[in-house]
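In what follows, a structure is listed as structure tokens, so that the remarks can point back to it.
The values are calculated or read from the model by the stated rules, or taken from the named source; none is laboratory data. Computed from a predicted structure; not experimentally measured. Every residue, glycine among them, receives a Cβ derived from its backbone with ideal geometry; neighbour counts consider all protein chains shown. Remember, those area values only see protein heavy atoms, side chains included, never the ligands or the DNA or RNA. Shrake-Rupley method; radii C 1.70, N 1.55, O 1.52, S 1.80 Å.
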Amino acid sequence: MYLKELENLINNVEEDSLKEYIYPAKAKGISPILKILLTNKCKNNCKYCLNNARSNCPRYFLSPSDLSKQFISLYRKNLAKGIFISSGIYKNANFSQEKILETLYILRKNLNYSGYIHAKILPKTDFSLIEKIFDFADRISINLEYPAQKYLSRVSSKELFDDLFKRLKFLSRLNKEKKIKSGITTQFIVGGQKICDREYLNLAYYLYKELKLKRIYYSRFIPQEGTPLENLKEESPLRIKRLYEADFLLRDYGISPSQFLYDKEGNLVLEYDVKEAFALKNKNLFPVDVNKACFELLIKIPGIGKERAKRIINLRKGAKINSFEKLEKIGIPKKVKKWIKF
Ligand code: SF4
């Protein structure tokens, strides 16, 4: 589905040649982004992907100079404010990664582009190439796709997960030495095979805590016609919503995966939003005394985020909070009442 901004971009673009290669994307504060594969020619056979080597889809290859020229013309017309470049594995990983690097070089050095660049690192790319990409991009991503080797090897080549993971660790080390502006990200595919949410979230927790990833994206599995997985069921949007809620709490609120409420199969309970489910599971923490609780505990109350927690702390500096009406005056919603005490 296209974002409105990108629809405008596509409808207004004069250079028709790029139309079929534009994908929707939106980075925080920078929108729209041209999300593009340098080529969809690929020698790999990921079963979920329309561009896999056995597919009959039409193929294209954009040269780094054509791609950078096209992008700069969109950028100058204010139709694209950044670029996200990935590629199929054409010939071999280093060949495609070098073409990405060449595009970045032309943009930064020849065309003096200083805007947003998100670059994808391909599996099996040489570490020296990764280092060079690091110097030109604002954000770098490596998609692990699944939370363990056994899952990825069912739908792609063996050993791929370990290879990607090694490169993700390398990126994380580089990031410690010379911070990349918009961080490192990864993506998981959710659905298409039986993997529980607990498994995704355990790995996500490790990636945020130890490798300091900036974001993890959960991509809803939707079977692609013409791929070996075309007859599988698509994943439900509600599951993805719950995973994003849990991910936010892992990343920003210091909650660990073991504190979430799961069903007996290890999936997040769908009927409650994840924070409410957290409160139901950790009943010993509730009701929270709003006059005594520290910031870290206040933000764990369903309906209280960082901003509202700060307001409560400011309010109680003046005098003891002894009624819910006082909290309502600073914008605390009614649903919070059942989780607190005075
Ligand atoms: S490597 Fe990328 S483009 Fe190639 S088949 Fe796998 S997912 Fe598709």
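Summarising the label geometry, the points placed 7 Å from Cα in the beta-carbon direction at Ser65 and Lys109 lie 1.5 nm from one another. Roughly speaking, to the nearest percent, how much of the chain's 1.4 Å accessible area is carbon and sulfur? Carbon and sulfur: 50 percent of the exposed surface of the chain.
Normalising by residue count, the chain has a Cα convex hull of 163 Å³ per residue.
Charges were assigned to the Cβ only: +1 to each Lys and Arg, -1 to each Asp and Glu. The resulting dipole of the chain about its Cα centre is roughly 1400 debye.
Could you give the dipole magnitude of segment 147-261 about its Cα centre, charging the beta-carbon of Lys and Arg +1 and that of Asp and Glu -1, in debye to the nearest 20?
Working: 23 positive and 14 negative charges, 115 e Å.
The calculated dipole for segment 147-261 is roughly 560 debye.
Averaged over its residues, segment 176-281 has an accessible area of 51 Å² per residue, based on protein heavy atoms and a 1.4 Å probe.
Using 0.36 nm times the number of residues separating Lys341 and Ala148, minus their current alpha carbon distance, what extension gain do you get? Kindly include the intermediate steps, with their values, before the conclusion.
On the way: separation 193, 0.36 × 193 = 69.48 nm, distance 4.31 nm.
Here the segment from Lys341 to Ala148 would lengthen by 65.2 nm.
In a reduced charge model with +1 at each Lys and Arg Cβ and -1 at each Asp and Glu Cβ, segment 195-292 shows a dipole moment near 440 debye about its Cα centre.
State the extension gain, in nm to one decimal, for the chain segment bounded by Glu177 and Asn56, taking 0.36 nm per residue of separation less the distance between their alpha-carbons.
Details: separation 121, 0.36 × 121 = 43.56 nm, distance 4.38 nm.
Extra length from Glu177 to Asn56 when fully extended: 39.2 nm.
Positive-end ranking of Leu270, Ile299, Asn110 along the dipole of the chain, with charges on Cβ about the Cα centre, is headed by Ile299.
Remark: C-alpha extents of segment 61-174 on the principal axes read 46, 29, 23 Å, sorted largest to smallest. Kirkwood radius, segment 254-309, all distinct C-alpha pairs, inverse of mean reciprocal distance: 12.0 Å. In order along segment 265-277, phi translates into HN-Hα couplings of 9, x, 9, 4, 5, 7, 6, 10, 5, 5, 6, 5, 5 Hz, rounded to whole numbers, per the Karplus curve 6.51 cos²θ - 1.76 cosθ + 1.60 with θ = phi - 60° and x for Gly and Pro. Here the calculated FRET efficiency for Tyr253 and Glu159, from their Cβ-Cβ distance with R0 = 41 Å, stands at 0.70, rounded to the nearest 0.05.
Spread over its residues, the convex hull of the C-alpha atoms of segment 285-341 is 68 Å³ per residue.
Taking 0.36 nm per residue of separation and subtracting the Cα-Cα distance, full extension of the segment from Lys233 to Asn94 would add 46.6 nm.
Isolated cysteines in the chain, defined as those with no second cysteine Cβ under 4.7 Å, comprise Cys42, Cys57, Cys196, Cys294. Considering only Ala53, Pro287, Ile184, and ranking their Cα positions along the charge dipole of the chain that arises from unit charges at the beta-carbon of Lys, Arg, Asp and Glu, the one farthest toward the positive end is Pro287.
When the inverse distances between all different Cα atoms of segment 177-242 are averaged and flipped, the Kirkwood radius reads 13.5 angstrom.
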